[in-house]
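What follows is a set of notes on a single structure, which appears directly below.
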Amino acid sequence: PTGYMENSISYSAIEDVQLLSWENAPKYCLQLTIPGGTVLLQAANSYLRDQWFHSLQWKKKIYKYKKVLSNPSRWEVVLKEIRTLVDMALTSPLQDDSIHQAPLEIVSKLLSENNNLTTQDHESIIVAIAPLLENNHPPPDLCEFFCKHCRERPRSMVVIEVFTPVVQRILKHNMDFGKCPRLRLFTQEYILALNELNAGMEVVKKFIHSMHGPTGQCPHPRVLPNLVAVCLAAIYSCYEEFINSRDNSPSLKEIRNGCQQQCDRKPNLPLRLLHTSPDLVSQEATLTESRLKPVIVTSNEIHVEVERNNTTNQKMTANVGNDSEPNLIDCLMVSPTCSTMSIELSAQADRILGCYVEILKMLSDYDDWRPALASLLQPIPFPKEALAHEKFTKELKYVIQRFAEDPRQEVHSCLLSVRAGKDGWFQLYSPGGVACDDDGELFASMVHILMGSCYKTKKFLLSLAENKLGPCMLLALRGNQTMVEILCLMLEYNIIDNNDTQLQIISTLESTDVGKRMYEQLCDRQRELKELQRKGGPTRLTLPSKSTDADLARLLSSGSFGNLENLSLAFTNVTSACAEHLIKLPSLKQLNLWSTQFGDAGLRLLSEHLTMLQVLNLCETPVTDAGLLALSSMKSLCSLNMNSTKLSADTYEDLKAKLPNLKEVDVRYTEAW
């Protein structure tokens, strides 16, 4: 008849679904029983027919459970229905995410609409849906329910037995907490619940170890970033009330501008206060009195004590006309409104802070996690209130110390700022930094590891001379060998222009035995350097094949090479270590390093000192983009051979743009070819 099946059939109207199995029945057919008759659906093959059959059965049953569980009367019946629903999802032959997610969403809605359940009901429901959570993330509302259970019953066995595998799965597989913030919050509350157990941090430590695994390499690459994200969010929450109150006080720019002027304006508080206190306003009106006594402001979360002191004005050196956003650490260091600052968190916030800083310490103890952890923390992803909190920076110092002790460049290089103009952990924990609480031991350790790497450069030394010369001299005066070496290098590379400062450095070096010995060695090197750079000697020099760094050093110490313009080290065994001798050749214009072991570290040193070099052959050397990019400062280069190196196409384009005089380039057998 016309009009048949023009209207859709609702799943709830289907009374029965059967496979046609009688003799001579049409192939691959389903029979749907509906009010007023039956419908036959014919598929193209048996696989598609079976897929329809199980899908229709699933839809029919899921609508039934939605209806039953939407109006619960007796919770014993509800619990039984939930168990049946879970069994149905687990035994279904269908392979689809919605098969397991739909029951979880039904239970999630049930829990959100019924807030009068007992604790026993909560635990019974959690245990009932536990099998579904083994391979599925809980939906947002269910996460809220789990968070509440962790807060209210942290010692419940459900937390250990049911939530542990769920959280482990989240940490191993979650790709973006930004899209699923409640998963992160649930993970955060679960870890805090573990910390509430009798063993406390020992339980948390065992959990972190279980996430890493027993081997030296964690097999799950998402675990560390997810754990760090949870830690950062938890630490942020401890200072959230301060952060939310920032709108009620001056900006960082106003703080810096206030630091540049005399105290003829209302002083700025470096930390934001949530509520304006009438007492505080009256104290600010009488400025001279307020400078003589501390101001105490309390809120239900944080207690702040700011001691007024105008003596800091004498130390200000900022430029008055600077409109750029001031540096965070500088603001905390030079603000005239505070000389001491203490933040007292509430007991709960203090427990959260202690727990998650301890987790960061645990993460830093794993060798395979340390490079990625250092990279994640390099931008200093903490609120400024945390950096002003003495307890936080003191506890985090262990993590920074672990970075400073790691010999891998990819780890300790993260102590430096992530970009120019922004301070890093090196500045934060150096003398004068807001986090420095010792006499420079950590600073000396950081300088030592950085100088032992590829940072033995003019740029790094110049930065120390401009910003940290005083601490360097003080530590050298106390016999610190690293600082003695730093001062000697500053003299050797002519970093210090002021004669009085040079004499002060020399006096500092001569005040200790180690300093006196190293200064005498410097003087000997300087005499040899003058002899080496004295005009005369050959203009061209070729070392025999198989020569080493030591052979080159002996040769250059044997006479004058002030006229040497062309040096060939091709097919020798020299390495980056010989760069320290090459940079002392004042007239060098052509350098051949073909088929040597000269690498990135040596290339960086050459780029800083041999800026007049015109011809450079790096064919078949182990240099990479990291070192080749440094050549962009050698503006005199006319000919550059990078044949058979690890040059990339992007680096090649960058070098062409930055080297205007470059005419001859060989990039055969590279990615850029």
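The values are calculated or read from the model by the stated rules, or taken from the named source; none is laboratory data. In this text, all values refer to a predicted model and were calculated from it rather than measured experimentally. Neighbour counts are summed over all protein chains in view; Cβ atoms, including those assigned to glycine, are modelled from backbone coordinates with ideal geometry. The accessibility values were calculated without ligands, DNA or RNA, using every heavy atom of the protein model including side chains. Shrake-Rupley method; radii C 1.70, N 1.55, O 1.52, S 1.80 Å.
Matching residues to (1) at negative phi; (2) of a type in the set (V, I, T); (3) touching a helix residue (DSSP H, G or I) at 6+ places or on another chain (Cβ under 6 Å):
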{"site": "M490", "(1), (2), (3)": "yes, no, yes"}
{"site": "I495", "(1), (2), (3)": "yes, yes, yes"}
{"site": "N498", "(1), (2), (3)": "yes, no, no"}
{"site": "T512", "(1), (2), (3)": "yes, yes, no"}
{"site": "G536", "(1), (2), (3)": "no, no, no"}
Please go through (1) open to solvent by 50 Å² or more (accessible area, probe 1.4 Å); (2) part of a helix (DSSP H, G or I); (3) within 19 Å of Y11 (Cα to Cα) for L40 and return the number of the only condition it doesn't satisfy. (2)
Lone unmet requirement of (1) modelled with pLDDT under 90; (2) of a type outside the set (S, T, N, Q); (3) surrounded by fewer than 19 Cβ atoms within 10 Å (Cβ to Cβ) for K384: (3)
Restricting the search to the stretch 227-245, which residues are under 29 Å from Y366 (Cβ atoms), open to solvent by less than 10 Å² (accessible area, probe 1.4 Å) and of a type in the set (G, A, S)? A234
Between a residue in the stretch 631-644 that is within 19 Å of G599 (Cβ to Cβ) and in the same structural domain as N661 (by the TED database) and any residue that is outside any strand (DSSP E or B) and of a type in the set (K, R), which pairs come within a Cβ distance under 8 Å, given they are 6 or more apart or on different chains? S632/K658; N643/R668; S644/R668
Being out of contact with any Leu (no Cβ under 7 Å at 6 or more places or on another chain), surrounded by fewer than 16 Cβ atoms within 10 Å (Cβ to Cβ) and under 18 Å from D350 (Cβ atoms) narrows it down to one of G178, G200, G213, so name that one. G200
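Go through the stretch 390-471 and tell me which helices (runs of 4 or more DSSP H), entirely inside it, have 2 or more residues that are open to solvent by 30 Å² or more (accessible area, probe 1.4 Å) and modelled with pLDDT of 90 or more. Lay out the reasoning, then the answer.
Numbers: elements: 390-405, 409-412, 425-428, 441-452, 458-467.
Correct list: 390-405.
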So how many residues does the stretch 1-20 have that are part of a loop (DSSP other than H, G, I, E, B), of a type outside the set (D, E) and at pLDDT 75 or above? 6
Every pair of residues 6+ apart whose Cβ atoms lie under 8 Å, when the first sits in the stretch 88-110 and is farther than 20 Å from N71 by Cβ while the second is outside any helix (DSSP H, G or I) and open to solvent by 30 Å² or more (accessible area, probe 1.4 Å): H100/N135
Single unsatisfied condition, K646 versus (1) surrounded by 18 or more Cβ atoms within 10 Å (Cβ to Cβ); (2) of a type outside the set (S, T, Y); (3) over 30 Å from K530 (Cβ atoms): (1)
Conditions first: (1) outside the structural domain of R604 (by the TED database); (2) surrounded by 15 or more Cβ atoms within 10 Å (Cβ to Cβ). S560 passes all but one, so which condition is the exception? (1)
Take the stretch 654-673 and flag every residue that is of a type in the set (G, A, S) and assigned by the TED database to the domain that holds N643. A657
First in the stretch 513-526 and in the same structural domain as L487 (by the TED database) and under 19 Å from G479 (Cα atoms), second anywhere and among the hydroxyl-bearing types (S, T, Y) and in a helix (DSSP H, G or I), Cβ under 7 Å, 6 or more apart: G515/T508
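Which residue is nearest to M201 (Cα to Cα), if the candidates are limited to the stretch 133-188 and must be in contact with a Pro (Cβ under 8 Å, 6 or more places away or on another chain) and in a helix (DSSP H, G or I)? So that I can check it myself, show each step before the final result.
Step one: list which residues in the stretch 133-188 are in contact with a Pro (Cβ under 8 Å, 6 or more places away or on another chain), which gives 133-134, 146, 166, 180, 182-183, 186.
Cutting the leftovers down to in a helix (DSSP H, G or I) gives us 133, 146, 166, 182-183, 186.
Numbers: L133: 26, F146: 21, V166: 20, R182: 24, L183: 22, F186: 18 Å.
This residue is F186.
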Test set (1) within 47 Å of the chain's Cα centre (by Cα); (2) of a type in the set (F, W, Y); (3) under 30 Å from N641 (Cα atoms) - Y519 fails condition number: (3)
